Amino acid sequence: MRMQSFTSRVLAWYVAHGRKELPWQRDREPYAIWVSEIMLQQTQVTTVIPYYQRFMQRFPKLLDLANADLDEVLHHWSGLGYYARARNLHAAAQQVRDGFDGQFPERFEDVQSLPGIGRSTAGAILSFAMNQPHPILDGNVKRVLARHFAVEGWPGQSAVLKRLWELSDALTSETNPAAYNQGMMDLGAMICRRGLPNCAECPLQSSCQAHAEGREKVLPTPKPRKKLPIKSSYLLVLRDQHDAVLLERRPLMGVWGGLWSLPECPMDADPMTWCREKLAYEPLDMMRLPQRRHTFSHYHFEMLPLEIAVNNPSNRVMDEGVRVWYKLSDPDTRGLAAPVARILNEIEISSTGENG
DNA sequence: AAGTCGGGGCG
DNA sequence: CGCCCAGACTT
């Protein structure tokens, strides 16, 4: 008998083994699926789930998100990374509110025109929410296709990417794209895994070219990587007489965009002098805190936190959009850079320990 | 086409 | 420690 098609095998496998109980699969509301798809960009399912639940509890409807302050959106995103996703999500919600009468658009071109939504995410949202037949191409689908069809080359190369899109487009189910796309993602996550593919339980094994050639572990071709440079800075923890800490808001573009962080003193400067001249606070006492390393996609960040006691006059004027005194005992809803939150948390624990 | 953008999980 | 993960955007 003739072998079932690629597409029908994926569909059958999804019905039998795929994931159907994820929090954003309960209904097919476009807004919920949209939020989940943005969170899932470059982020694994198990990491996303608690963030998704807190986010949806605070912003249950699209208009709740559109009408919220960006600061609070970033607060609920803090720790997930790629904060441009949160800013784009917020801006896109406002575009839907103002340009689409608050209804999430149903035309592919309209969806892809929203900030933060590219071809793959637009296809995912419209296929999952409305069963529209659009292909997707996330990391899982790339891996399944690259292996099954033995596609050579790093998928970041335009020619390789074009070939993978052609395959995804040709294979996507016309009748049940939602189940097919979810099936491909689940196959990539559960069977056709990066490190140790479970070919024995794969519905596509009989036709998989990489498996036939014993190359499933070396495809897809990995990204050529360079050694990450190391950047070091002092992080100044200015602490006033009321146990408040001075925070600065980071520029929207760049690392930790829009989040609140500690003043960053260059390594070639003297922290006491820098504190006096750049921050205009007279340092009274200084203490080293444990050094930390944070790794970004493109460099290591060595943080040398210094706790500096200062006197904070009550009549001093400050621009609260750029700098705030953050009370350790009374944390609010600002988005803090994750390593900064950990540093402040340690200080707060040690200070509460001293007082009782 | 290449670089930017976070944090976590895993071997 | 290196590598990757439900990518999109800028230059």
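Nothing in this text is a laboratory measurement; each read-out follows from the coordinates by a stated rule. Predicted, not measured: the structure shown is a model, and the values here were computed from it. Please note: Cβ atoms are built from the backbone with ideal geometry, for glycine as well, and neighbour counts cover all protein chains shown.
Some observations on this one:
- Backbone amide hydrogens, once placed in the peptide plane, bring A:LEU228 within less than 5 Å of nothing, excluding anything fewer than 5 places away on its chain.
- Kirkwood Rh and Cα Rg combined as Rg over Rh, evaluated for the stretch A:54-175: 1.04
- Taking a straight line from the alpha carbon of A:LYS278, these aspartates and glutamates sit under 12 Å away, with near neighbours fewer than eight places off in the same chain left out: A:GLU264, A:ASP270.
- Net length available on complete extension from A:TYR82 to A:MET3 is 24.1 nm, with 0.36 nm assigned per residue and the Cα-Cα distance removed.
- Distant alpha-carbon pairs in the stretch A:214-356 (separation over 23 angstrom), percent: 41 percent
- Rounded to the nearest 0.05, the FRET efficiency derived from the C-beta distance between A:TYR299 and A:ASP98 at R0 = 45 Å is 0.75.
- Above-threshold pairs, the threshold being 22 Å between Cα atoms, out of A:LYS20/A:LYS223; A:LYS142/A:LYS217; A:LYS162/A:LYS223: A:LYS20/A:LYS223
- Nearby aspartates and glutamates by direct alpha-carbon distance to A:LYS327 (threshold 18 angstrom, same-chain neighbours under 8 apart not counted): A:ASP71, A:GLU72, A:ASP240, A:ASP243, A:GLU248, A:GLU307, A:ASP319, A:GLU346, A:GLU348, A:GLU354
- In this label model, A:ASP332 and A:GLU348 are separated by 1.4 nm, measuring between points 7 Å along each Cα→Cβ vector.
- Placing a pseudo-label 7 Å from each Cα along the Cα-to-Cβ vector at A:LYS278 and A:ALA212 gives an inter-label distance of 6.1 nm.
- Net charge contributed by nearby residues that have their C-beta within less than 10 Å of A:ASN140 (K/R +1, D/E -1): +2
- What the Cα convex hull of the stretch A:6-212 gives, in volume per residue, is 118 Å³.
- 37 °C / 0.692 mPa s Stokes-Einstein diffusion coefficient of chain A, Kirkwood radius on C-alpha pairs, µm²/s: 141 µm²/s
- By other beta-carbon atoms within 10 Å, ranking A:SER233, A:SER168 with the fewest at the front produces A:SER233, A:SER168.
- Per-pair calculated FRET efficiency, R0 = 30 Å: A:ILE49 and A:ASP285 via Cβ, rounded to 0.05: 0.10
- Note on A:MET130, A:MET184: ascending count of other Cβ atoms within 10 Å places them as A:MET130, A:MET184, the fewest first.
- Per-residue Cβ neighbour counts within 10 Å put A:PHE296, A:PHE55 in the sequence A:PHE296, A:PHE55, beginning with the fewest.
- Considering only chain A, percent of DSSP beta bridges that pair antiparallel, nearest 5: 65 percent
- Gaussian network model of chain A, springs between alpha carbon atoms under 10 Å - residue of A:ILE136, A:ILE191, A:ILE230 with greatest fluctuation: A:ILE230
- Using just its DSSP H runs of length 4 or more, each adding -39500 (n - 2.57), chain A gives a mean residue ellipticity at 222 nm of -12000 deg cm²/dmol after division by all residues.
- Principal-axis tilt of helix A:338-355 within chain A, Cα atoms, nearest 10 degrees: 50 degrees
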